[in-house]
Amino acid sequence: MLGRSTSSLCPLALALGVALGLSSPGPAFSQAIDSTLWVANGQVNAVVRVGGTIYIGGQFTQVGPATGAGVPLDASTGLPEALPKIVGMVLAVAPDGSGGWYVAGSFTYVGGLPRTNLAHILSDHTVSSWAPAGDMGDHVYALAVSGGTVYVGGDFTTVGGQTRNGIAALDAVTGLATAWDPN
């Protein structure tokens, strides 16, 4: 290997190491995500851990606690209130009339519970059992609440146990589709 530069050996060694690692018949273990770590408000380009300290560099201006995709602000102080973390995007929010909220978007979990694009967060900031079944598509874009009915609009073909193409009325307690079918 005389005459080769060190820089040309590094990619070769890396490729060989990756190939050997992928061909290993042994078990692979996933990493556990530490939900107490803070997050940056922009791109992180470099991470290094020295002892108990993690240093990051990149294109961001703030670092703070991970809040998830939806955070209500206190109307008088402007400070964020604690809510169950939402994994994904929140695209619509509607009050439930009892101090809680219905949320819609493109997400998979709310407060650690599986919820596909629709969820109900109660006034005590817990996730309710309300979880309309169906093929919720990629996104639920629109949400409105009127009395005991939750109206939703998005990229879905079934919701609340019924075929509904892009728009539906759901029972606010059971999550089942009502008889209203604009199709």
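How large is ³J(HN,Hα) for each residue in region 161-176, as worked out from phi by the Karplus curve 6.51 cos²θ - 1.76 cosθ + 1.60 (θ = phi - 60°), to whole Hz, x for Gly and Pro?
x, 9, 6, 8, 8, x, 8, 7, 10, 10, 5, 5, 9, 8, x, 7
Which of the listed residues, Tyr109, Asn165, Val140, is farthest toward the dipole's positive end in region 33-183, when Lys, Arg count +1 and Asp, Glu count -1 at the beta-carbon?
Toward the positive end, the furthest listed residue is Tyr109.
Scan around Phe156 for amide H atoms under 5 Å from its own, H built in the peptide plane at 1.01 Å from N, and keep only partners 5 or more places away or cross-chain.
Gly166
Could you give the length gained on full extension between Val87 and Thr36, defined as 0.36 nm per residue of separation minus the Cα-Cα distance, in nm? Spell out each step's value before the answer.
Working: separation 51, 0.36 × 51 = 18.36 nm, distance 1.47 nm.
Result: 16.9 nm gained on full extension.
List, in order, the whole-Hz ³J(HN,Hα) value for each residue of region 103-120 obtained from phi through the Karplus relation with A = 6.51, B = -1.76, C = 1.60 and θ = phi - 60°; use x for Gly and Pro.
Those phi angles translate into 10, 9, x, 9, 9, 10, 9, 9, x, x, 9, x, 9, 9, 6, 9, 7, 10 Hz.
Each value in this text was obtained by applying a stated rule to the coordinates, not by laboratory testing. Keep in mind it's a predicted model, so treat the numbers as computed, not measured. Heads up, the Cβs are rebuilt from the backbone with ideal geometry, glycines too, and the neighbour counts pull from every protein chain shown.
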